[in-house]
Every structure is written in structure tokens, then in C-alpha cells.
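Asker: Could you have a look at this structure, given as C-alpha cells, before my questions?
The values are calculated or read from the model by the stated rules, or taken from the named source; none is laboratory data. Model, not experiment: these values are computed from the prediction. In this analysis, Cβ positions are derived from the backbone assuming ideal geometry, glycine residues included, and neighbour counts consider all displayed protein chains. Only protein heavy atoms, including side chains, enter the accessible area calculation; ligands, DNA and RNA are left aside. Shrake-Rupley method; radii C 1.70, N 1.55, O 1.52, S 1.80 Å.
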Amino acid sequence: KSEPSVLRQQWEETDAYVADSFRLLTNKNLCIKCHQVGNQQPAGAEKEGHGPPLALAHKRLKPKWVTHWVANPPRLIHYSPMPQYFSADVKAHQQLFLGESMDQIQALTDALMIYDWAIDMPINRYWTLLPTVPGKKE
């Protein structure tokens with residue numbers, strides 16, 4: 001398992017995809033703008049109207065629903081405060097995840113469905129704040 005060729009193959013086939021997908025979740029202009037990811041609070045946490053923490057999405061939501069929701073929130077709930085970040089005719093967020101909008105939406109869905117595993121990956125610890133211990137000085 002610790003052979004360099006095996007580790008490289010694992011990284012190329014699985015880990016890189018999960019790391020890039022998770023980066024979409026933790027980008028300050030996307031999901032984490034309104035939702036808690038790990039210990040990172042939404043940018044507008046002091047304001048009302050932020051979305052629910054994403055840690056339980058995999059336990060509460062079905063993958064197909066998440067895909068449809070992220071692709072076009074107003075289509076499912078017309079009064080939704082959730083913005084639409086992905087457009088079929090615009091290639092955005094290429095610095096985070098290469099691909100068409102639907103590829104990025106699928107990657108977000110996949111990251112949410114394996115959230116517990118993805119957030120614990122060493123590379124993804126960079127994108128989330130490490131937990132702080134009450135009473136311990138930093």
C-alpha cells in the first residue's frame with residue numbers, strides 16, 4: 001500500500017478529485033459564503049439568512065436532489081435565497097475545478113456525500129480551520 005506507484009495512482013484516481021471538489025465547498029465566494037464547512041463559519045454569520053451547515057447534507061439529502069438544487073435553486077424553490085453560482089453557458093471557477101458547470105456541480109455533490117471522509121483528508125485540512133480547544137491558548 002505504501003509503494004510510491006500505488007500512492008500516485010490513488011492520488012490521481014481518487015484523492016485529487018476529492019480535494020478539488022472540496023475546494024469548491026470552501027471557496028469564500030461559493031458555498032462557504034453562506035454555509036458552515038468544518039469550523040469555518042459563513043462570511044455573513046453575524047447576519048441573518050445564512051444557510052445550514054453542510055456537515056449533515058449527506059445524512060439528510062439525496063445526491064440527485066443536491067445536484068438539481070445547486071444547478072438551479074429557484075427551479076426547486078422559487079423564493080430561495082440561495083444564489084445560482086453555476087451557469088450552463090459560462091465556464092466559471094476553473095481555478096478551483098476544471099470542467100463544465102455540470103461537472104463542478106457533480107463534484108460538489110460528491111464532496112457533500114462523502115463529507116466526513118473528505119473533510120478529514122490531510123490536504124483538505126488546509127481549507128478548513130482546525131478545531132480549537134476551549135481554554136487552550138493558541
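Asker: Among the residues of region 87-102 satisfying the criterion of being farther than 23 Å from residue 51 by Cβ and either open to solvent by less than 30 Å² (accessible area, probe 1.4 Å) or among the acidic types (Asp, Glu) (or both), which is farthest from the chain's Cα centre (by Cα)?
Answerer: 89
Asker: While we're on this one: Across region 103-138, what is the total count of residues that are in a loop (DSSP other than H, G, I, E, B), at pLDDT below 80 and exposed (fewer than 15 other Cβ atoms within 10 Å of the Cβ)?
Answerer: Number satisfying all stated conditions: 10.
Asker: Could you please tell me which pairs satisfy a Cβ distance under 9 Å, a separation of 6+ or placement on different chains, a first residue in region 30-44 that is among the hydroxyl-bearing types (Ser, Thr, Tyr), and a second residue that is modelled with pLDDT under 85 and crowded, with 19+ Cβ neighbours inside 10 Å?
Answerer: none
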